[in-house]
Amino acid sequence: MRNKLAMTRKLLGTVRSVGVVCLLWPMWLLAGTGDSSSGSSPGSATVRYVNNGTWLDYAYLSEAEYWTNVPQVATQMRDSCHVSYWFLNVGSMDQTGKLKGGVSNVVHFLDTLKGWEDQNHYRFKVFAWLNANRPKVDVTNPAVRANMVEECGKLVSTNVPNSYIAGANRAFDGIQLDYEPCGPADNVFDSLVGFFDQVHGKLVAIGMGSTLTSFTAEKYGTNNSEWVWTPQYYYDMAPHLDLLCAMTYDTGIKVGPEYQDWMEYQTTNILRAVSGKWWGNDAQHPPPTNHVKVMIGFPAFPNSTWHTNAAENVIFASSGVKAALATLSGRGDNSAGYFEGAAVYAHSDGTGTNGYANNGTDWRWFREQWLGTR
C-alpha cells in the first residue's frame, strides 16, 4: 500500500492461468470453512491459522482476463490456502472523497464469483478496498468525509442511487479503507474514527447494517513517525470496526531473521494493544466487546527502497507471527484470541512476473510455512 497505489492501473505482463494445488486436508482443518470462524475468540488463547486473507489487484475489477479467472483463484484460495477474506482494490479517491475510474466494471467480478460460490456452496467475505492518500484527501473535512461515506454505500447496496453494483448478483460483504500515512495526528485519527461511525450509520440507514468494516492500520510503534500507530490508536479504533489489517512490512530490514523478530514484536504488541492487555486491562482499557479481529499483513510485492523481498517475505513473516501467537497462548494471554489470520499483500495473476504473489514461491511458502501443508 505505501507507494503501491499503482496497482490501480493495469499491471504489465500477460495474464496466465492461476495454478491450482489440490490438497487432501485433515478433517479438523476443513471444519467450518464455509464461514469466517477462526476457532478463537476474545477470552480464549487458542489460535488457528485457517481464516486468512489477500489483497487483490485492481485488474480483477477492470480487466476481463482477470475477472474470468476468478473461479480458478477461488478454488486455489479455498482449497490450498484457506483464504476466505478478499480485499478487492476498487480504486483511489480524489480530493473530494469520490472514487476515480470505472468502478461499475466490478459487476463482472461479483457475478463471476457468485456463480462459483453457488456451484461450490461456499461464500467468501469480499471487501471493497478503497485507497486515499493524505494530505490529498483531507479526512478532517466533513464534506470530504461525507462523500467517502456515500461512496461506501454505493459499493454495498444495489438499490441506492448511482450504485456501483446495480444489477450484480451479489454485493460486497464489507468496506475496507486504506488511508495513509495516518501516524500520530490526533485530528486525523479522530476523523477516521468518525468516518467509520458515519459509515455504520449509513449502512444501517440503507438496510445493510450487517456489512463488515475494516481499516488497514499502520505498523505498531511508539515514536512520532507518520508511518506508525501507537498502542492507544490501535485500542481506540478497535471498537469502531470489525477487522484491523496491520501493514506489517516496508520496514527497510534487509536480513530475514531480523524481520522475523520484528514480526513477532509487531504481532505481540498489536494484539495486546487491541485487547487492552498492553495496559493490563485497567479501568481505562477494558477488553473490546464488539468481536473485533486482527489480521497481520504478509508481504509479497516488488522490491523498493523500504522493501527487500529476500528478508520481508512469507517465510520469515510466518515464523515471526507463529512465535508471537505461541508465546501469548502459552502464557494464557487472551490477546491471541483477537487474531483472525494472515493477509497476503498482494495477489495479481499468480505468475510472479510483476513481483506480486507467486504461486510457485509466495503461496507455496504460505502453505508450507504458515499452514503447515504442501
What are the residues in region 190-249 that are of a type in the set (A, V, I, L, M, F, W, C), in contact (Cβ under 8 Å) with a residue 12 or more places away in the chain and assigned to a helix (DSSP H, G or I), if any?
L192, V193, F195, F196, V199, L203, M237, A238
Take region 79-137 and flag every residue that is aliphatic (A, V, I, L, M) and part of a strand (DSSP E or B).
V83, L88, V90, M93, L99, V126, A128, L130, A132
Can you spot a residue in region 220-233 that is closer than 22 Å to N159 by Cα and surrounded by 18 or more Cβ atoms within 10 Å (Cβ to Cβ)?
no
Can you find a residue that is outside any loop (DSSP other than H, G, I, E, B), of a type in the set (S, T, N, Q) and at pLDDT below 95 anywhere in region 164-177?
no
Among the candidates G352, G332, G341, G360, which residue alone is assigned to a strand (DSSP E or B) and either touching a Gly at 6+ places or on another chain (Cβ under 8 Å) or surrounded by fewer than 17 Cβ atoms within 10 Å (Cβ to Cβ) (or both)?
G341
Residue list for region 293-318, restricted to those being under 25 Å from S84 (Cβ atoms) and out of contact with any strand residue (DSSP E or B) (no Cβ under 7 Å at 6 or more places or on another chain):
I315, F316, S318
Residue identified as surrounded by fewer than 17 Cβ atoms within 10 Å (Cβ to Cβ) and of a type in the set (G, A, S) among G174, G201, G183
G201
Looking only at region 231-257, and only at residues there that are touching a Pro at 6+ places or on another chain (Cβ under 9 Å) and aromatic (F, W, Y), the one that is farthest from H291 (Cα to Cα)
Y249
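Residue-wise test of (1) out of contact with any Phe, Trp or Tyr (no Cβ under 6 Å at 6 or more places or on another chain); (2) surrounded by fewer than 19 Cβ atoms within 10 Å (Cβ to Cβ); (3) among the aliphatic types (A, V, I, L, M); (4) at pLDDT 95 or above.
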{"residue": "E65", "(1), (2), (3), (4)": "yes, yes, no, yes"}
{"residue": "S80", "(1), (2), (3), (4)": "yes, no, no, yes"}
{"residue": "D94", "(1), (2), (3), (4)": "yes, yes, no, yes"}
{"residue": "G97", "(1), (2), (3), (4)": "yes, no, no, yes"}
{"residue": "G102", "(1), (2), (3), (4)": "yes, yes, no, no"}
{"residue": "V107", "(1), (2), (3), (4)": "yes, no, yes, yes"}
{"residue": "D118", "(1), (2), (3), (4)": "yes, yes, no, yes"}
{"residue": "R123", "(1), (2), (3), (4)": "yes, yes, no, yes"}
{"residue": "A128", "(1), (2), (3), (4)": "no, no, yes, yes"}
Filtering region 161-189 for residues that are among the hydroxyl-bearing types (S, T, Y), in contact (Cβ under 8 Å) with a residue 24 or more places away in the chain and touching a Gly at 6+ places or on another chain (Cβ under 9 Å) leaves a count of 0
Which numbered condition V50 misses (of (1) assigned to a loop (DSSP other than H, G, I, E, B); (2) of a type outside the set (D, E); (3) over 18 Å from the mean Cα position of the chain (by Cα); (4) crowded, with 19+ Cβ neighbours inside 10 Å):
(3)
Test set (1) over 18 Å from A342 (Cβ atoms); (2) buried (at least 16 other Cβ atoms within 10 Å of the Cβ); (3) at pLDDT 95 or above; (4) of a type outside the set (G, A, S) - Q72 fails condition number
(2)
Which condition number in (1) in contact with a strand residue (DSSP E or B) (Cβ under 8 Å, 6 or more places away or on another chain); (2) on the phi > 0 side of the Ramachandran plot; (3) not small (G, A, S) is the one that V321 fails?
(2)
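The values are calculated or read from the model by the stated rules, or taken from the named source; none is laboratory data. This structure is a prediction, so every number in the text was calculated from the model and none was measured. All Cβ positions, glycine included, derive from the backbone under ideal geometry; neighbour counts span all protein chains shown.
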